[in-house]
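Read the figures in this text as sums done on the coordinates, not as results from a lab. Computed from a predicted model, the values in this text were never measured in an experiment. For neighbour counting, all protein chains shown are included, and Cβ atoms are generated from backbone atoms with ideal geometry for every residue, glycine included.
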């Protein structure tokens with residue numbers, strides 16, 4: 001598995017619009033064969049902060065995801081909603097191993 005955590009800080013007046021656009025993107029993303037999981041999390045004590053947890057079957061599946069129309073729509077829609085550039089951190093699955101998925 002190839003896991004990407006995307007940390008996003010949204011402008012306060014854009015929280016609901018960001019949330020809706022991101023849910024739409026996630027709903028389409030989970031239909032991709034290379035995506036095992038796609039979570040959208042919102043921080044309790046600071047609702048302007050989101051965490052996207054994207055679990056891909058392979059690193060190439062992450063590349064293919066960025067070529068989809070729904071990702072391009074999300075990227076362009078939310079670009080001006082961010083209070084600062086989003087940050088992504090990549091991980092390899094250690095436990096459970098691939099047999100756990």
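Annotations
- A count restricted to the range 1-31 and to residues that are buried (at least 16 other Cβ atoms within 10 Å of the Cβ) and under 11 Å from residue 70 (Cα atoms) stands at 6.
- Taken together, the residues in the range 65-75 that are within 16 Å of residue 26 (Cβ to Cβ) and surrounded by fewer than 16 Cβ atoms within 10 Å (Cβ to Cβ) amount to 6.
- Qualifying residue in the range 49-64 (condition: closer than 23 Å to residue 10 by Cβ, under 14 Å from the mean Cα position of the chain (by Cα) and surrounded by fewer than 12 Cβ atoms within 10 Å (Cβ to Cβ)): no
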